[in-house]
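Here the structure is laid out as structure tokens; the discussion comes afterwards.
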Amino acid sequence: GCEVTMALSIANVLADVGSLHCIQTDATSTVDVLKGSSGTIHKVEIDNTGNTSAVFVKLWDTTGSVTVGTTDPDFSFKCPASVLRVYSCPNGTAFAAGLKAACVTDGGGTAGTTSPSNDVIYRIQLG
């Protein structure tokens, strides 16, 4: 099946039962719920070609509440301005509870609440 919320879509990968391909075509500081249980991150692709500032896709290993700019992310992926960047984890990186995501232009750590000026697309492959 496929869940769609605003510009976020989550689809099962047919060739690999249990895998999800999460695509957000308008990533912002609004938190997206990618998965509500434990799993593995296999790939994070960030398309920031439409912006003149770097962005950070932040991920939280939780099913609880997340406040962007206050809640410390478990993973943070930087994408420089005007490029597409791919982070690959061939053996996977585990998360225990669930996975949430948001995209901001400021801060690689906890800080940062500003959404990108233009569309940022992320594609995250989960197991």
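Kindly indicate whether any position in the range 49-56 is under 11 Å from the mean Cα position of the chain (by Cα) and open to solvent by less than 10 Å² (accessible area, probe 1.4 Å). No, because not a single residue in the range 49-56 is under 11 Å from the mean Cα position of the chain (by Cα) and open to solvent by less than 10 Å² (accessible area, probe 1.4 Å). Determine whether Lys58 is assigned to a strand (DSSP E or B), under 21 Å from Ile10 (Cα atoms) and of a type outside the set (A, V, I, L, M, F, W, C). It is true that Lys58 is assigned to a strand (DSSP E or B), under 21 Å from Ile10 (Cα atoms) and of a type outside the set (A, V, I, L, M, F, W, C).
When the range 102-112 is filtered for residues that are modelled with pLDDT of 95 or more and polar (S, T, N, Q), only Thr105 remains.
If we keep just the residues of the range 65-83 that are without any contact (Cβ under 8 Å) to a residue 24 or more places away in the chain and not acidic (Asp, Glu), which is most open to solvent (accessible area, probe 1.4 Å)?
Of the range 65-83, the ones without any contact (Cβ under 8 Å) to a residue 24 or more places away in the chain are 65, 67, 74.
Checking which are not acidic (Asp, Glu) leaves us with 65, 67.
On the way: Ser65: 107, Thr67: 70 Å².
For the range 65-83, the residue satisfying everything is Ser65.
Restricting attention to the range 31-59, the residues that are out of contact with any strand residue (DSSP E or B) (no Cβ under 9 Å at 6 or more places or on another chain) and under 20 Å from Thr110 (Cα atoms) total 1.
Touching a Cys at 6+ places or on another chain (Cβ under 7 Å) and among the hydroxyl-bearing types (Ser, Thr, Tyr): is that true of Thr28 in this structure?
On the way: touching a Cys at 6+ places or on another chain (Cβ under 7 Å): yes; among the hydroxyl-bearing types (Ser, Thr, Tyr): yes.
Taking the combined requirement at face value, the residue satisfies it.
Residues of the range 79-127 that are under 15 Å from Asp47 (Cβ atoms) and charged (D, E, K, R): Arg85, Asp119, Arg123. I'm checking my understanding of the structure. Among residues of the range 84-127 that are open to solvent by 50 Å² or more (accessible area, probe 1.4 Å) and part of a loop (DSSP other than H, G, I, E, B), which one is nearest to Leu20 (Cα to Cα)? Among those that are open to solvent by 50 Å² or more (accessible area, probe 1.4 Å) and part of a loop (DSSP other than H, G, I, E, B), it is Ala96.
The values are calculated or read from the model by the stated rules, or taken from the named source; none is laboratory data. Worth saying up front: this structure is predicted, and the values here are computed from it rather than measured. In this analysis, Cβ positions are derived from the backbone assuming ideal geometry, glycine residues included, and neighbour counts consider all displayed protein chains. Accessible surface areas use protein heavy atoms only, side chains included; no ligands, DNA or RNA. Shrake-Rupley method; radii C 1.70, N 1.55, O 1.52, S 1.80 Å.
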